[in-house]
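Visitor: Quick one: the structure is below, questions incoming.
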Amino acid sequence: MLICSFFRAEEWSELRMQLVQGDENAWSRAIHVFECRMKERFFSEIELLLRSGKTGSQSIVPGFAIMALCCILVETLQAFYEGHVMEPPQTPENPCQYPEGDCLKVPLAVETTEKCAFPDHPCVKTPPTARSFAHFLKGSPHFSDFNGRARSSFSIQIRNGLLHDAETRGGWLIRESDPKEKILERRGQHYVLNRSRFYSALNAEFKDYLVRLGDSTKHTLRNNFLKKMDNICQFEPTVE
């Protein structure tokens, strides 16, 4: 299985051994493999879409495709940050017992906070994907235009809307160059998202991550990188 155009999953076990031994040359190679994988599969495609306006005589409107790929990138990067491997969702077996017991997690597309709103509203906790997006947008200095409300809304109205229903929700609008000076702007009850600036911020965050991975003092970041790469390469490290 190819991890990128020049590196196979079967090569990971040997490279990983060098990484855990602290070989900085090996880390440079691993970072290069990861960078090429992300560019080959996502960044290069987004940049082609950003430059496109027509296919032959037919005009194209690539905003949805650009933002769908950006959403996949956000989830991918956050998974590397956390060393997270997605587990299948568990179906609740018991009714909601709030406030005496735990708040039942129900997979509804409801924008909510971590605090359960039952009985006034459906008993729902923010799903892991929404938390992942919120953590990413909050943790990156490149997405300072997003406040708490916008971060939560983006996950449900843009990420879920595009990837599940091929549409935006909640009045969110995706524009090529609007707003002019920032990624996001709230106008009345709606949000306007500049897809070009969103991608630029995401690309800047990706480059920052590559730099952080190259820092030998970032032990947790590197360990989480190893966990995620193990999962991608279908490699189970020996437990001693």
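Okay, residues lined up against (1) in contact with a strand residue (DSSP E or B) (Cβ under 9 Å, 6 or more places away or on another chain); (2) β-branched (Val, Ile, Thr):
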| residue | (1), (2) |
| --- | --- |
| Arg195 | yes, no |
| Phe198 | yes, no |
| Leu202 | no, no |
| Lys207 | no, no |
| Lys218 | no, no |
| Asn224 | no, no |
| Met229 | yes, no |
| Ile232 | yes, yes |
| Pro237 | no, no |
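Visitor: Being of a type outside the set (A, V, I, L, M, F, W, C) and part of a loop (DSSP other than H, G, I, E, B) narrows it down to one of Asp208, Asp230, Asp215, so name that one. Please lay out each step first, then the result.
Guide: Working: Asp208 fails: part of a loop (DSSP other than H, G, I, E, B); Asp230 fails: part of a loop (DSSP other than H, G, I, E, B).
None of the others qualify; the one that does is Asp215.
Visitor: All but one of (1) touching a Ser or Thr at 6+ places or on another chain (Cβ under 9 Å); (2) surrounded by fewer than 12 Cβ atoms within 10 Å (Cβ to Cβ) hold for Gly83; which doesn't?
Guide: Condition not satisfied by Gly83: (2).
Visitor: OK, next. Out of Cys70, Cys36, report the one residue that is part of a helix (DSSP H, G or I), closer than 22 Å to Asp208 by Cβ and in contact (Cβ under 8 Å) with a residue 40 or more places away in the chain. Don't jump to the end; show me each part of the working.
Guide: On the way: Cys36 fails: in contact (Cβ under 8 Å) with a residue 40 or more places away in the chain.
So the residue among Cys70, Cys36 that is part of a helix (DSSP H, G or I), closer than 22 Å to Asp208 by Cβ and in contact (Cβ under 8 Å) with a residue 40 or more places away in the chain is Cys70.
Visitor: Within the stretch 21-59, can you find the residues that are surrounded by 11 or more Cβ atoms within 10 Å (Cβ to Cβ) and at positive phi?
Guide: none
Each reported figure results from applying straightforward, stated rules to the coordinates on display, with no laboratory input. The structure displayed is predicted, hence computed values, not measured ones. Glycine gets a Cβ as well: all are built from the backbone with ideal geometry, and neighbour counts include every protein chain shown.
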